[in-house]
Amino acid sequence: MAEANTIQAPGHATPGGDPLAVGARVDVCNRYVGSWARGFEVARRSGATVWVRRLSDGAVLPEPLQLHEVRPAPTRPTWWA
């Protein structure tokens, strides 16, 4: 198992347990308008600090986020999406 402070390759989710574990798909809060953006996964986590990876291009965002700025992504799509 990888250490919590190392960045993992895309798609390496930990089954069960922590919904914000490395590899878990997450939504990220937009700091400007307060909406949630989809298409991210946890790349690294250290305590209450989370680094996320954009799924579209695999880039890890340079700015770490706090736990209140990420949430587990929905497991089922909504009918209007």
Nearest-20 debye value, region 12-68 charge dipole, Cβ charges on Lys, Arg, Asp, Glu: 40 debye
For Ala24, the residues 5 or more places away or on another chain with a placed amide H closer than 5 Å to its own amide H are Thr14, Val42
Tabulate in residue order the Karplus-calculated ³J(HN,Hα) for region 22-29, using 6.51 cos²θ - 1.76 cosθ + 1.60 with θ = phi - 60°, rounded to whole Hz; enter x for Gly and Pro. 4, x, 6, 6, 9, 9, 10, 6
When all protein chains stay in place, what accessible area (Å², nearest 10, 1.4 Å probe) is found for Thr75? 140 Å²
Hey, got a sec? Which chymotrypsin sites (Phe, Trp or Tyr not before Pro) in region 20-81 land in a DSSP loop and have at most 11 other Cβ atoms within 10 Å? Tyr32, Trp79, Trp80
With label points set 7 Å from each Cα along the Cα-to-Cβ direction at Arg71 and Thr49, the distance between them in nm comes to 2.5 nm
So what's the net charge close to Tyr32: Lys and Arg +1, Asp and Glu -1, counting the other residues with Cβ under 14 Å from its Cβ? -1
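The values are calculated or read from the model by the stated rules, or taken from the named source; none is laboratory data. Quick caveat, the model's predicted, so the values are computed rather than measured. Backbone-built Cβ (ideal geometry, glycine too); neighbour counts: all protein chains shown. The area values use the complete protein model at the heavy-atom level, side chains included, leaving out ligands, DNA and RNA. Shrake-Rupley method; radii C 1.70, N 1.55, O 1.52, S 1.80 Å.
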